[in-house]
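Notes for the one structure printed next.
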Amino acid sequence: MLRRGKRDKPGLVTVYTASGMLPAQVIKTKLESAGIPALLDYESAGVVLGITVDGLGEVRVMVPEGLAEEARALLSE
């Protein structure tokens with residue numbers, strides 16, 4: 001059974017947490033090119049201000065629960 005983090009959305013699971021938008025976009029693109037839909041979840045202040053300190057600027061890459069294991073396997077390659 002997959003455990004949800006406190007910030008996960010219903011039906012989605014965080015498979016990667018990036019420090020900033022650019023690395024998160026790279027991960028999202030990698031997942032989507034393998035046919036795994038991905039969503040980025042972030043606090044807008046971190047993106048607007050360009051801050052990546054103390055969780056601000058943290059970007060969570062989320063995928064549907066049923067594809068989480070496949071996504072994690074792909075990202076571990």
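Some observations on this one:
- Any hit, region 1-13, residues being at pLDDT 90 or above and surrounded by 15 or more Cβ atoms within 10 Å (Cβ to Cβ): yes
- Note on region 61-75: residues that are under 10 Å from G11 (Cα atoms) and part of a helix (DSSP H, G or I) amount to 2.
- Annotation: of all residues in region 22-56 being touching a strand residue (DSSP E or B) at 6+ places or on another chain (Cβ under 6 Å) and more than 20 Å from E70 (Cα to Cα), the one that is modelled with the lowest pLDDT is T52.
The values are calculated or read from the model by the stated rules, or taken from the named source; none is laboratory data. Predicted model only: the values in this text are computed from it and were never measured. Cβ: placed from backbone, ideal geometry, glycine included. Neighbour counts: every protein chain shown.
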